[in-house]
1. What number of residues within the range 1-55 satisfy the criterion of being part of a loop (DSSP other than H, G, I, E, B), modelled with pLDDT of 80 or more and of a type in the set (Ser, Thr, Tyr)?
2. Return the residues of the range 449-478 that are surrounded by 13 or more Cβ atoms within 10 Å (Cβ to Cβ) and in contact with a Lys or Arg (Cβ under 8 Å, 6 or more places away or on another chain); say none if nothing qualifies.
3. If we only count helices (runs of 4 or more DSSP H) wholly inside the range 397-474, which ones have 2 or more residues that are within 39 Å of the chain's Cα centre (by Cα)?
4. Determine the pairs where a residue that is under 16 Å from Phe96 (Cα atoms), located within the range 32-57, has a partner that is crowded, with 17+ Cβ neighbours inside 10 Å and of a type in the set (Phe, Trp, Tyr) with Cβ atoms under 6 Å apart, the partner being 6 or more residues away or on another chain.
5. Only one of Arg302, Arg314 is in contact with an Asp or Glu (Cβ under 9 Å, 6 or more places away or on another chain), at pLDDT below 70 and either in the same structural domain as Phe275 (by TED's automatic domain parsing) or assigned to a loop (DSSP other than H, G, I, E, B) (or both). Can you tell me which?
6. In the range 508-624, which helices (runs of 4 or more DSSP H) lie fully inside it and hold 3 or more residues that are surrounded by fewer than 17 Cβ atoms within 10 Å (Cβ to Cβ), modelled with pLDDT under 70 and not acidic (Asp, Glu)?
7. For the range 479-491, give me each residue that is surrounded by fewer than 17 Cβ atoms within 10 Å (Cβ to Cβ) and within 44 Å of the chain's Cα centre (by Cα).
8. Conditions first: (1) under 19 Å from Ile56 (Cα atoms); (2) assigned to a loop (DSSP other than H, G, I, E, B). Met185 passes all but one, so which condition is the exception?
Amino acid sequence: MATKRQTPYKTEHSLEFGVKVCECDAVLNAIVSTSCLFCIHFGREEQIGAKRSRTINVMYFKKPFRVDTYRSHMVSQHPGCWKEYSELTPIEKTVFFDDNALVIHRNTINSHFSGAQVPLHLFVNKHIVDVIIGEMLFHPDDSNDEITKKRALNIFEDNTAQFNLIADYLSVGVSFRMTSRILMMTKERTGLASIGSASEGKVTSYARFICALNLQTLLELLSQMWTFFIAMYMSTHMATSYLDIRIRLHWKGAILNFHLLAIPMFSRHTDEQIFLHACRALDIIAPLWKQMIISISTDGERKMTCRVHDVATRFQQAALPGFYRLWCGLHQLDIKLQAFFAALMGEQFYSDLTGLISYLRRQQDLILDMQTKAKTVHHVALHVYLHLKKPSCASNPAWWIVIMFIEKLSTEATLTFRSLEGLTILVSQQREGILNLHSTLARLLKASGPLSPEDANAINLEIEVLSDDRQFSLKLTNMQAMLDDLGSFVLDRIQEAGVQVMAEVVKYLATCSENLISDVIAIFVERDSSNEVASKLPQVLPHQLVALRGREFAHFLHVTYQRERTFKSVIDSYDHQTSFEDGWIRMQGRNWEKNENRVSLTDFSLQGIFHTKHFKRMQAIEFN
């Protein structure tokens with residue numbers, strides 16, 4: 001069967017028939033489509049006696065670019081203008097649209113906008129396009145039934161404004177279908193016809209292109225790195241739990257954090273499949289990742305999802321010795337504080353708190369009088385109001401003492417959270433912040449510890465309390481003194497509660513506080529394969545290395561030399577005349593290989609959102 005003839009576009013058609021190029025294929029270096037300038041500048045002419053009005057859509061021509069197709073459209077849709085245009089000389093045709101177009105069009109930005117756009121010339125590694133984009137992230141169900149893999153990868157054109165707008169829309173979580181509609185509304189509202197339109201399939205292709213560009217940037221970054229580490233987070237999107245796998249690395253004095261893959265946690269996705277899926281992507285962007293990766297961090301407690309724990313273990317097994325697992329210190333602190341709050345007065349405390357909040361939010365007159373909904377700002381006014389109304393949810397004096405005590409400790413914990421939030425906080429900074437919080441709590445409560453076994457046995461439990469691990473103690477008189485320092489409001493509640501009730505409250509708060517102090521000091525970010533506290537991280541920073549004794553540094557260097565083949569081969573190539581600068585340059589070399597693994601699972605719409613969020617930041621990275 002003969003192949004369908006594809007008449008190519010000819011440059012002289014632009015002037016002869018009044019058309020302009022609007023879409024190109026950068027790969028094939030060929031014109032994909034052209035648009036009618038008569039439709040753009042004058043619109044379609046009305047036909048006498050026609051029952052329906054003409055459409056206002058612009059005519060686009062695609063292959064085959066036949067002369068009779070052009071002429072048929074001009075004669076049927078623009079008979080008057082076409083007759084006038086066809087009688088002009090070539091020189092007169094070059095200025096025809098500028099001289100005769102409606103003033104309302106010629107004096108607006110959209111008549112000149114597209115000419116100011118500069119086509120994007122971006123290059124992506126072939127393996128990224130073929131494997132990650134073409135196989136791992138391609139599925140016909142991502143768009144309509146007509147899309148094919150070949151069309152999905154054919155995403156190059158010169159409409160930079162449209163590309164950037166779509167990237168911005170996707171970065172805020174807009175779906176592919178809604179992005180297509182929003183783009184059309186943007187064009188209609190602004191009057192910028194050059195923005196054009198994009199189908200859902202085209203938006204999907206743009207999203208793949210953005211993913212490819214981000215992965216290309218990651219590839220170039222990792223090619224200049226000697227190490228990096230992986231972070232895994234569990235979250236939820238559209239009622240579906242997913243595992244967010246991210247790459248963290250040090251670049252020009254800053255810690256960079258970029259998304260790699262988002263894998264839905266369906267029951268059919270085993271830990272082995274998830275690990276192999278991540279490996280397949282890593283094999284492309286960093287073929288030597290097993291030698292480069294030094295750590296993996298998980299944002300989950302000891303009882304975290306079993307599969308996530310197993311995935312972290314698989315990464316540890318694949319890496320070289322010296323691999324470390326990290327568990328976010330702030331997340332551990334959050335768990336300790338939740339346990340502390342839950343222990344205070346048992347579940348009854350939470351029940352009373354939620355009941356009181358629900359009641360107060362219904363008191364609109366009280367809210368208007370206080371001009372706020374924050375109970376901590378006007379706790380005295382709230383107590384007076386509850387004393388007058390006497391609702392069933394009104395709490396006793398002991399409850400108010402506990403809530404004011406919690407407010408004091410929570411203030412200190414909040415300061416720690418705010419100082420350590422962010423994706424670029426170092427492990428040492430987390431540990432330092434947690435130690436500062438421990439010191440603050442111990443100072444406020446005047447706690448003693450850590451205690452030796454002999455000191456713990458000597459504690460008089462009649463006047464002191466001991467933490468569950470027998471490491472810290474607190475005198476009941478010190479707890480009473482702290483409550484007295486919380487202000488006149490608390491002093492009044494102490495008088496109302498009575499001596500017997502206060503003795504129970506003081507002992508209860510002292511016990512819970514001692515356990516909190518003990519739990520905070522036990523927080524360590526470094527973990528082993530069982531998610532237990534690991535040994536201290538090796539000394540690798542310059543200020544740590546210079547403090548090592550000679551034999552310690554020699555032992556450290558010898559162990560590394562024997563363990564890493566790449567490092568050993570580079571060291572063996574040096575002689576006594578090699579400078580440090582030359583030696584360090586050689587350490588940056590990497591031999592790129594591709595390991596074939598075939599497992600496919602992903603949520604492409606989620607991938608598009610993640611990658612577009614940091615697309616601008618990744619494109620702003622400057623390489624040497």
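1. Looking only at that region, the number is 2.
2. Leu451, Ala456, Glu464, Val465, Leu474, Lys475, Leu476, Asn478
3. Helices (runs of 4 or more DSSP H) meeting the threshold: 397-420, 427-445.
4. Hits for this filter: Leu37/Phe97; His41/Phe97.
5. Arg302
6. Of the helices (runs of 4 or more DSSP H) lying wholly inside the range 508-624, those with at least 3 residues that are surrounded by fewer than 17 Cβ atoms within 10 Å (Cβ to Cβ), modelled with pLDDT under 70 and not acidic (Asp, Glu) span 580-587.
7. Across the range 479-491, the qualifying residues are Asp485, Leu486, Gly487.
8. (2)
The values are calculated or read from the model by the stated rules, or taken from the named source; none is laboratory data. Given the structure is predicted, the values throughout are model-derived calculations rather than measurements. Using ideal geometry, Cβ is built from the backbone for each residue, glycine included, and neighbour counts are taken over all protein chains shown.
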